[in-house]
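Some notes on the structure that comes next.
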Amino acid sequence: MLVESLSPSNLVIETMLQHKSIRKYSDQVPSDETIEAIVRAGQQAPFASQYYSILLSRNMKRNPFKAPLLFTICVDSHKFEKIMARRRWKLVASDVVLLFFGIQDASYMAENMVTAARSMGLGSCFLGSAMFRADKIAKEYQLPRRVFPFVQLAMGYPAEDPPPRPRYPLEFTLFEDKYPDLTPKIVSKAMKQMDEGYLAQDYYRKVNAKIPLQGERKETFTYDNYSWTEHICRKWGQWYSDPKELLKQLKKRGFEISERTK
Ligand SMILES: Cc1cc2nc3c(=O)[nH]c(=O)nc-3n(C[C@H](O)[C@H](O)[C@H](O)COP(=O)(O)O)c2cc1C
């Protein structure tokens, strides 16, 4: 049985366990060498087919959180199709499969960048809205067809030092040999760990981020008891029920998830 408190540790693990998203940055501009080291570390992540590209903006004034660096992580079929054309092959794999693999390739790469950055004293924060603004990002960076920006990563030297955010207990995450019966006790423990952890940090009050209720439900929560599980339920219980906008963005960029690409 794994015991969390007795886990072995080293600098890499410590760096990972100290991860926290950073939303305030100093004006200090990371050097080209630092950026290169971070992206190279990112690239060295395992890949299925390096099916991604990374865009960079150093426009601190315009970047979210006024971050010195903004990376936009894209699934990139365009450059892969160039290689296929050179070898006189044509892509027949479904875009659904390509997107699953491409998002994995790009995500492992991006998380490597987060850890590499952290090891050099930089902080970062992912921004998930890119996929809904893919057309605008494409225009800005003059992206060719079949390049789809799906997440952004703000980065720079931190001007805040929040505590690490809680995670589920290991027993709610790692299931050895068999998926367990998630008893009310196990679920309650996981919810408690998350909710009490966020409340102890007064997280949602500080960021003033209570999601308003839509429909019949009456608001009964204050920032004294509004926490992570309520927040995440309001998000996935109210938003994004209609995939049309995302499908539209994918289609505009040349990805068709309902048919084979010929
Ligand atoms: C795919 C993805 C999208 C995210 N989008 C946002 C975002 O739009 N705004 C934001 O402030 N944080 C965003 N985050 C950061 C998460 O809020 C953060 O990782 C999570 O709350 C856990 O906190 P921690 O990273 O400090 O441990 C995103 C993270 C991921 C992985």
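The values are calculated or read from the model by the stated rules, or taken from the named source; none is laboratory data. Remember, predicted model here, so these are calculated numbers, not experimental data. As a convention, Cβ positions derive from the backbone with ideal geometry for all residues, glycine included, and neighbour counts pool all protein chains shown. With ligands, DNA and RNA removed, areas are computed over all heavy atoms of the protein, side chains included. Shrake-Rupley method; radii C 1.70, N 1.55, O 1.52, S 1.80 Å.
Details
- A Förster radius of 22 Å, combined with the Cβ-Cβ distance separating Ile232 from Leu170, puts the computed FRET efficiency at roughly 0.70.
- With R₀ set to 41 Å, the beta-carbon distance separating Arg217 from Lys178 gives a calculated FRET efficiency near 0.65.
- Annotation: amide H of Ser26 within the under-5 Å range of Tyr157, Ala159, sequence separation 5 or more or interchain, hydrogens built in the peptide plane.
- Percent carbon-and-sulfur accessible area, the stretch 185-253, ignoring ligands, DNA and RNA, probe 1.4 Å: 55
- Principal axes of the chain: Cα extent on each, largest first, Å: 59, 45, 43
- Relative protection proxy for 239-252, 153-166, from highest mean packing down: 153-166, 239-252 (other beta-carbon atoms within 10 angstrom).
- When you count the other C-beta atoms within 10 angstrom of each residue and take the mean per peptide, 180-186, 228-234 line up highest first as 228-234, 180-186.
- Cβ crowding within 10 Å averaged over residues, with 97-107, 31-41, 209-219 ranked highest first: 97-107, 31-41, 209-219
- Only Lys, Arg (+1) and Asp, Glu (-1) charged, at Cβ; the stretch 217-262 dipole about Cα centre in debye: 400
- In the full protein context, the chain carries 64 Å² of accessible surface per residue, based on a 1.4 Å probe and ignoring ligands, DNA and RNA.
- Between Asp161 and Gln44, the distance separating the two model label sites (each 7 Å from Cα on the Cα→Cβ line) works out to 2.8 nm.
- Hydrophobic, long helices, defined as DSSP H runs whose alpha-carbon span along the helix axis is 24 Å or greater and whose mean Kyte-Doolittle value is at least -1.0, occur in the chain at 95-119.
- Accessible-area composition of the stretch 34-83, carbon plus sulfur, in percent [1.4 Å probe]: 55
- Label-to-label distance, nm, for residues given as His19 and Met60 (7 Å Cα→Cβ offset): 2.7
- The chain - charge dipole about Cα centre, Lys and Arg +1 at Cβ, Asp and Glu -1, debye rounded to 20: 1320
- Rounded to the nearest 20 debye, the dipole size of the stretch 1-150 about its Cα centre is 720 debye, using +1 on the Cβ of Lys and Arg and -1 on the Cβ of Asp and Glu.
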